[in-house]
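Student: Following this message is one structure expressed as structure tokens.
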Amino acid sequence: TGAVRWYPVPDLGARAEQVAAAFQQAYGAPATGVWAAPGRVNLIGEHTDYNGGLCLPIALPQSTLAAARATATGRLRVRSAQRAGEPVDVALDDIAPGRPGGWGGYVAGAVAMLAADPAAGPLGGLDIVVDSDVPVGSGLSSSAALSCSAVLAAAELAGLSWADDDEGRARLVQLAVRGENVIAQVPSGGLDQAAALHCEAGHALLLDCADHSLEQVPFDVAADGLALLVMDTRAEHTHSGNEYAARRAACEEAARELRVETLREVADDPVEATLAALDERELRPLVRHVVTEIDRVRQVCALLDEGRLPDLGPLFDASHASLRDDYRVSAPGLDVAVEVARSAGALGARMTGGGFGGSAIALVPVGSVDDVALAVHEAFVERGWVEPAFLLAEPSSPGRRLR
Ligand code: GAF
């Protein structure tokens, strides 16, 4: 029905023209190129990346575009179509932790890390215009889409062709992660940036955060008459907030108590007796989530390998329960979306991304997609909540130069 709100699927060619035109308008000179990086949904493997675990994201067609050119001003100037009133203008030398603050820190972080890389040629300055179709604050990784579009632009303008192969892309991922951690001061774990730069169309990316190895896993829900429905609860979410950092710190504390480098080692060799040593109410449930979630990623990959897509449903459900009850990062909107989606015909559903708001995903028979979206929409309206918004996730292409 018309009441349900769907995010449009962008025409990236047309969007690239628009951003190039906006660049010309803003700076009175043509952009050298336009680069794009996608948002993502993580199929499973949540809050495992910073524990050396496994994740399984796909890239979305919704992307952030960056039109850019090199300058000799010694400054980074950035304008955003989404934040028209907040242009950034900072000397490259002044980029520092927390400076610039806000959204500009994601761009500046990526640019500063690139400029500091010994392999990069001198970067005299940069003008950028960004424009995004990734919903902001929805757990769909708008921040990594932003930092990764910037790092792609900055690298190529610094004379590096790192985007041409996996090894170079892995370097760009590291720069974007470091920029977010150090300059934007968000302690994210690397899943989002790896998804933005390594995911391939038609595939999920099996990411092993212990050794940064990657595997492309064919993922074609349509072939089984299914769809992956993304349900954006549009409830405020942020992981620069304390909760994300607190979970990460607690996992590090648990690893210290268990005398392992990361919790991945416990996942590979789980010992109930070891877990029993941890505080029953605080650390043990967190570790249980990480250990069981890593195992669920393996199970999902095995099912995909056998072409048993409909059987993913129960693993999605188990992942959600674990994130809600053990890891405690769900939110009322996410729980309602997941439960209502299941009652309306989804085979399984779970929150995706960092949590505390943001989006959930549901595996739905194609014929039930409208019913599920409508049921979730109505459940939100009944409760007097902000209307949710939806999209169908098509595994899409990685970050790249568009023109
Ligand atoms: C956020 C973080 F940025 C990622 O690094 C990851 O930890 C995710 O939450 C949870 O899986 O998106």
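Each reported figure results from applying straightforward, stated rules to the coordinates on display, with no laboratory input. This structure is a prediction, so every number in the text was calculated from the model and none was measured. Heads up, the Cβs are rebuilt from the backbone with ideal geometry, glycines too, and the neighbour counts pull from every protein chain shown.
Student: Do you know the relative contact order of the range 253-339, to the nearest whole percent, from alpha carbon pairs under 8 angstrom that are 6+ apart?
Tutor: 24
Student: Shifting gears a bit: So how many Å³ per residue does the convex hull of the Cα atoms of the range 245-320 work out to? Write down the numbers at each step before the final one.
Tutor: Values: hull volume 7.8 nm³, N = 76.
Enclosed volume per residue, from the Cα hull, is 103 Å³.
Student: Quick one: net charge around V329, please, counting Lys, Arg +1 and Asp, Glu -1 for every other residue with C-beta under 15 Å from its C-beta.
Tutor: In short, -3.
Student: Evaluate the relative contact order of the range 339-385 (contact order divided by residue number), counting alpha-carbon pairs under 8 angstrom at least 6 apart; express in whole percent.
Tutor: On the way: 52 pairs, mean separation 18.3, N = 47.
Over the range 339-385, the number comes to 39 percent.
Student: Hey, what angle do you get for helix 283-305 against the long axis of the chain, alpha-carbon based, 0 to 90 degrees rounded to 10?
Tutor: So the inclination is approximately 80 degrees.
Student: Against the longest principal axis of the chain, how steep is helix 332-343, in degrees 0 to 90 to the nearest 10, with axes from Cα atoms?
Tutor: Here the helix axis deviates by roughly 60 degrees.
Student: Taking the 0 to 90 degree range and rounding to the nearest ten, how far is the long axis of helix 369-382 tilted relative to the main principal axis of the chain, both from C-alpha atoms?
Tutor: 90
Student: Kirkwood-based Rg over Rh for the range 1-128 (C-alpha set), two decimals?
Tutor: Result: Rg/Rh = 1.03.
Student: Write down the Kirkwood hydrodynamic radius of the chain, to one decimal in angstroms, obtained as one divided by the mean of 1/r over all alpha carbon pairs.
Tutor: Computed over the chain, the radius equals 21.3 Å.
Student: Could you run the Karplus curve 6.51 cos²θ - 1.76 cosθ + 1.60 with θ = phi - 60° over the range 205-216 and give me ³J(HN,Hα) per residue in whole Hz, x for Gly and Pro?
Tutor: 10, 7, 10, 9, 6, 6, 10, 6, 7, 10, 9, 8
Student: 7 Å from Cα along Cα→Cβ at both A276 and A21: what's the point-to-point distance in nm?
Tutor: Taking the two extended label points, one gets 6.9 nm.
Student: For the range 290-403, count the residues as N, evaluate 2.2 N^0.38 Å, and divide the Cα radius of gyration by that value, please.
Tutor: Numbers: Rg = 15.1 Å, N = 114, 2.2 N^0.38 = 13.3 Å.
In units of the 2.2 N^0.38 Å rule of thumb, it is 1.13.
Student: Of A21, A163, A373, which has the largest mean-square fluctuation in a 10 Å C-alpha GNM of the chain?
Tutor: A21
Student: Okay, moving on. Give me the net charge of E378's neighbourhood, meaning all other residues with Cβ under 14 Å from the Cβ of E378; Lys, Arg count +1, Asp, Glu -1.
Tutor: Result for the neighbourhood of E378: -3.
Student: Could you calculate the FRET efficiency of A29 with D89 from 1/(1 + (r/R0)^6), where r is the beta carbon distance between them and R0 is 25 Å, rounded to 0.05?
Tutor: In this case the efficiency is close to 0.95.
Student: OK, next. To the nearest 0.05, how large is the calculated FRET efficiency for A119 and E306 if R₀ is 60 Å and r is the Cβ-Cβ distance?
Tutor: For A119 and E306, the calculated efficiency is 0.90.
Student: Please give the FRET efficiency for Q216 paired with A14, using the beta carbon to beta carbon distance and R0 = 35 Å, rounded to the nearest 0.05.
Tutor: After rounding to 0.05, the efficiency reads 0.80.
Student: Based on the inverse mean of 1/r over its pairs of different Cα atoms, what is the Kirkwood hydrodynamic radius of the range 90-179, in Å? It would help to have the intermediate numbers written out before the result.
Tutor: On the way: mean 1/r = 0.0755 Å⁻¹.
Over the range 90-179, the inverse of the mean reciprocal pair distance is 13.3 Å.
Student: Take peptides 301-311, 316-326, 37-47 and line them up by average Cβ neighbours within 10 Å, highest first, as a rough protection proxy.
Tutor: The peptides rank, most packed first, as 37-47, 316-326, 301-311.
Student: Right, another one. Using a cut-off of 11 Å between beta-carbons, work out the net charge of the residues near A59 (Lys and Arg +1, Asp and Glu -1, A59 not included).
Tutor: So the environment of A59 carries a net charge of -1.
Student: Within the range 105-148, list the residues whose amide N lies under 15 Å from a label point set 7 Å along Cα→Cβ of E167.
Tutor: Of the residues in the range 105-148, 119 have backbone N under 15 Å from the label point off E167.
Student: Give me the Å³ per residue figure for the convex hull around the C-alpha atoms of the range 79-120.
Tutor: Cα-based convex hull of the range 79-120, divided per residue, equals 69 Å³.
Student: Which three semi-axes in whole Å describe the equivalent ellipsoid of the range 114-266, each the square root of 5 times a Cα gyration tensor eigenvalue, listed largest first?
Tutor: 26, 23, 19
Student: Whole Å is fine, so just give me how far the alpha carbon centre of the range 32-108 lies from that of the range 169-206.
Tutor: The two parts, judged by their Cα centres, are 10 Å apart.
Student: Something else now. What is the range 298-378's relative contact order, in percent, from Cα pairs under 8 angstrom and six or more apart in sequence?
Tutor: Normalised by residue count, the contact order of the range 298-378 is 27 percent.
Student: Go through 74-83, 22-31, 352-361 and give me the packing order, highest mean Cβ count within 10 Å leading.
Tutor: On the way: 74-83: 18.6, 22-31: 15.6, 352-361: 26.8.
So the order, starting with the most tightly packed, is 352-361, 74-83, 22-31.
Student: Shifting gears a bit: If amide H atoms are built 1.01 Å from N in the plane of the peptide, which residues on other chains or at least 5 residues away come under 5 Å of the amide H of R234?
Tutor: Answer set, sorted by chain and number: G358, A389.
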